[in-house]
Amino acid sequence: MPPVHTGAPVIPGASTASSPAPEPLSPGRPGYRRMSLALFAAGLAIFALLYSTQALLPAISADFGVTAGQASWTVSAATGALALFVLPLSALSERFGRTRMMTCSMVVAVGVGLLVPFAPNLEWMVVLRAVQGAAIAGVPASAMAYLAEEVRPRALVGAIGLFVAGNSIGGMSGRLVTGWAAQLWGWRAGLAAVALMAFACAVAFLVLLPRARFFRPASLNPRAVGRTVAGHLRDPLLLRLYGIGALFMTVFGAVYTVIGYRLVDEPFSLGQGVIGSVFLIYLVGTVSSAAAGKLVARTGRRGALYLAVTTTALGLLLSLSDSLASVVLGLVLITAGFFAGHAVASAAVSRTAKTGRAQASALYQSAYYLGSSAGGTLGALAYHEAGWAATVGIALLAVLGVVSITLYGTHAARAQRRIPASVAGAR
């Protein structure tokens, strides 16, 4: 008897005899490597663009005749705009899709990046950088939500670690490329070079990223989004994670915004290309963020955070030395501690939020990049007023904040574990 055709449409991904239900991505399964490479390329592109002016701040200051604090706005404007736009763009991604949002964001960010080298003055550069940061905002929260939906939970920390690793390499390569190009042809050529590199990464992202199989569009309801955001902001664990992300990034923003000024001054007097090469230290962040999953498995989330914050604090203290070797070692430890802490905290946000993951990730990203803006501006102002020791003092205060939040979380978790025991005893 021939088969009967009902005329019902076949839904992609629906379970049929010939088309089994899709399974979440995990290491060794088809699509996982393409997904990892695509998001690695996305992370590389957005971080190369986001911090493209950071290694060039001394040259920008000299060319435009401005202070370190004024030049730092070419970084802070981008990270601040990202922090402001990441939440509304994540809401749009709930309606229009993670992959579409990431694609549009990268296209606009790269396009603006090609215009930045032609900025006639500092004011126009700050405006363009703010637009670029707003465009970039569509990538981080959408990427985290995409991973939470498409990747098997046990593989989530590792997958996010690879995305963060792309961030670290992007931050490193962007600064490295701009530094040497600036030394050879000027800082404007450095910015053009990093924009072209980001363009190549964007093409790789578009070619490699697998389509989303588990995304379900939601209605664009501002009240519903507001309720979801309010719910996340009432969650004590999420609030602690947002605070940790912001404070870690305050440290990192302060250190890497100012380090170029310190190394170009006495007693180091390094050239722009050599200063750009210092950012090869970001490779340490690639290793520490990718290893965050194993670290959490061995020590627990809070144990991993304690180790990350101790490593960061030790690096800050070492950087006070006038020995170049000690400063470099200090930067290695700061970078390792920061990226490990960031990977642990961001993965914990994705696992903690059961609904509205894009908004939960967006709030984390907002806090994170507000920390970057605050750290970069405060660190530069402190350096202008009192030197590197003042910048380290700002960073150590942020480290103390991370320790305080983590200790409070440990105390709260122990108190919560004692409640069931006391209730059982009362019975």
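The values are calculated or read from the model by the stated rules, or taken from the named source; none is laboratory data. Everything numeric in this text was worked out from a predicted model, so none of it was measured. Cβ placement follows ideal geometry from the backbone for every residue including glycine, while neighbour counts extend to all protein chains displayed. These accessible areas exclude ligands, DNA and RNA; they are computed on the full protein's heavy atoms, side chains included. Shrake-Rupley method; radii C 1.70, N 1.55, O 1.52, S 1.80 Å.
The table for this structure:
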quantity	calculated
Residue match in the stretch 85-98 (condition: over 16 Å from the mean Cα position of the chain (by Cα), of a type in the set (A, V, I, L, M, F, W, C), at pLDDT below 90 and closer than 16 Å to Arg175 by Cβ)	no
Residue in the stretch 185-203 that is farthest from the chain's Cα centre (by Cα), counting only those that are of a type outside the set (Gly, Ala, Ser) and open to solvent by less than 30 Å² (accessible area, probe 1.4 Å)	Trp187
Conditions (1) open to solvent by 20 Å² or more (accessible area, probe 1.4 Å); (2) assigned to a helix (DSSP H, G or I): number failed by Ser321	(2)
Checking Ala304 against (1) more than 20 Å from Arg175 (Cα to Cα); (2) without any contact (Cβ under 8 Å) to a residue 60 or more places away in the chain; (3) part of a loop (DSSP other than H, G, I, E, B); (4) not charged (D, E, K, R), the condition it does not meet	(3)
Extreme residue, nearest to Ala297 (Cα to Cα), among residues of the stretch 158-175 that are buried (at least 24 other Cβ atoms within 10 Å of the Cβ) and more than 12 Å from the chain's Cα centre (by Cα)	Ala159
Close pairs from the stretch 248-272: first over 20 Å from Leu333 (Cα atoms), partner open to solvent by 20 Å² or more (accessible area, probe 1.4 Å) and acidic (Asp, Glu), Cβ under 7 Å, at least 6 apart	Pro267/Asp322
The stretch 297-318, subset under 15 Å from Ala347 (Cβ atoms) and in contact with a Ser or Thr (Cβ under 6 Å, 6 or more places away or on another chain), residue most open to solvent (accessible area, probe 1.4 Å)	Arg302
Flag for Val278 being surrounded by fewer than 19 Cβ atoms within 10 Å (Cβ to Cβ), in contact (Cβ under 8 Å) with a residue 24 or more places away in the chain and β-branched (Val, Ile, Thr)	no
Within the stretch 69-97, tally of residues that are within 30 Å of Ala386 (Cα to Cα) and in contact with a Gly (Cβ under 9 Å, 6 or more places away or on another chain)	11
Options Arg227, Arg211: the member that is charged (D, E, K, R) and touching a helix residue (DSSP H, G or I) at 6+ places or on another chain (Cβ under 9 Å)	Arg211
Some residue of the stretch 324-334 being over 23 Å from Ser269 (Cα atoms), crowded, with 24+ Cβ neighbours inside 10 Å and modelled with pLDDT of 85 or more	no
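Let's see how each residue does on (1) among the β-branched types (Val, Ile, Thr); (2) surrounded by 23 or more Cβ atoms within 10 Å (Cβ to Cβ); (3) in contact with a Lys or Arg (Cβ under 8 Å, 6 or more places away or on another chain); (4) at pLDDT 95 or above:
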residue: Gln359; (1), (2), (3), (4): no, yes, no, no
residue: Leu363; (1), (2), (3), (4): no, yes, no, no
residue: Ser372; (1), (2), (3), (4): no, yes, no, no
residue: Leu378; (1), (2), (3), (4): no, yes, no, no
residue: Ala386; (1), (2), (3), (4): no, no, no, no
residue: Ser404; (1), (2), (3), (4): no, no, no, no
residue: Thr410; (1), (2), (3), (4): yes, no, yes, no
